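Only one structure is covered here, and it is reproduced in the block below.
The values are calculated or read from the model by the stated rules, or taken from the named source; none is laboratory data. Remember, it's a predicted structure, so these values are computed and weren't measured experimentally. FYI the Cβ positions are ideal-geometry reconstructions off the backbone, even for glycines, and counts take in every protein chain you see. Accessible surface is based on the protein model in full, side chains and every heavy atom, while ligands, DNA and RNA are left aside. Shrake-Rupley method; radii C 1.70, N 1.55, O 1.52, S 1.80 Å.
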Amino acid sequence: MIMEAIKKQQIVNTLREYCERYGSQNRAANTLTGVSPATISQMLNGNWDLIKDDMWRNVAAQIGYKDEKWTAVETGDYRRMTAILTDIKENSLVMAVTGAAGSGKTFAVKQYAASNSGVYLLCCNEYWNRKLFLNELLTSMGCDSSGYTVGEMMCEAVRRLKMRDTPLVILDEADKLSDQVLYFFITLYNQLEDQCAILLCATSHLEKRLTRGVKLNKKGYSEIWSRLGRKCVALKGVTAGDIVAICEANGISDRATIESIIEDSDSDLRRVKRRIHAAVKRAKQVVGC
């Protein structure tokens, strides 16, 4: 299916905002896989004839553009997370925030990163080693780290962060990091204290892991726990009021249906979204009959 011009323009609008966050098209291109500065320039300047739909989809996926009929709602935890991010960024603080799976943590940090400059979001993975971690960090800053050693990558990351005005590094799903990678948090803290904000975002497993490591006197854990203020800030979770607002924003007004979604949700926004999708689909089928 050929991509419509109106959708391409929407992608361009998102791409322009993405480039503004990084300060230049070249730096923005360095954060994208398989996308050259020339391609970005052509997209922004309206020279679309030679750009294939696969490239449009590749760019859209990487810059955070989503073509979906879903209305997001600012839940209580979304507002709390946004307030925390704003505070720590402005004051170069270090903090850990925990919340249940499906509470909207990742959505909140992605929205904040997309709307603010100097915010570097890393979605952590279990398979990351130290080099992959640092490569992701440098890539998020628009830096090509090809040929760098681990030590050189860390020095470059620290140097670039020191050059930024109130930078913020967000490690989402930080509980997935191995110990060897998690130790880099200590290095970043030591070299960037009061110059760069750092947020560790995860489920409650992170706090359990850290406190257990401290009790067992595991290497580095006391240092990490101390630098986090010996506390993880826990989000309050999805409320019935949040679910009602989400349902109403996405076309569900029947009270019985909303109550059913609340009861079946288990306070998981992913589950809520699926139930709303099913309810809307059923309603369309009824109208069609």
Next on the checklist: Could you sort D266, D175 by their accessible area in this structure, using a 1.4 Å probe and putting the largest first?
Outcome noted: D266, D175
Item to check | Antiparallel DSSP beta bridges within the stretch 90-211, percent to nearest 5 | outcome: 0
Next on the checklist: If I compute solvent accessible area with a 1.4 Å probe over the protein chains, what percent of it on the chain is carbon and sulfur?
Outcome noted: 48
Checklist outcome for this item: Largest-first ranking of W225, W56, W70 by accessible area, probe 1.4 Å, whole protein assembly kept, is W70, W225, W56
Next on the checklist: For the chain, what does the relative contact order come out to in percent, with C-alpha contacts under 8 Å and a separation of six or more?
Outcome noted: 22
Item to check | the stretch 66-180 - percent relative contact order, Cα under 8 Å, separation 6 or more | outcome: 32
Item to check | the stretch 114-248: projected area of the alpha-carbon convex hull, averaged over directions, in nm² | outcome: 10.0
Item to check | Cα-Cα over 20 Å, subset of K176/K219; K69/K89; K7/K66 | outcome: K69/K89
Checklist entry - Taking the C-alpha atoms of the stretch 25-111, how large are the radius of gyration and the largest Cα-Cα span, Dmax, in Å? => result 17.4, 47
Checklist entry - Taking only C-alpha pairs under 8 Å that are 6+ residues apart, what is the relative contact order of the stretch 177-289 in percent? => result 18
Item to check | Selection of trypsin sites (Lys or Arg not before Pro), the stretch 193-287, meeting DSSP coil and at most 14 other Cβ within 10 Å | outcome: K218, K219, R230, K231, K236
Checklist outcome for this item: Per residue, the convex hull enclosing the Cα atoms of the chain spans a volume in Å³ of 147
Next on the checklist: If each residue of separation counts as 0.36 nm, what is the full-extension length gain between S41 and T166 once their alpha-carbon separation is subtracted?
Outcome noted: 42.1 nm
Item to check | the stretch 142-157 residues near the modelled N129 label - backbone nitrogen below 19 Å, point 7 Å along Cα→Cβ | outcome: 145-155
Checklist entry - In Å², what does the accessible area per residue of the stretch 1-150 work out to with a 1.4 Å probe? => result 52
Checklist entry - Reachable lysines from K236, Cα under 20 Å, same-chain residues fewer than 8 places away excluded? => result K105, K110, K208, K273
Checklist outcome for this item: Note: K110 to E263 extended length (0.36 nm per residue) minus current alpha-carbon separation gives 52.3 nm
Item to check | Label-to-label distance, nm, for residues given as A5 and Q195 (7 Å Cα→Cβ offset) | outcome: 5.0
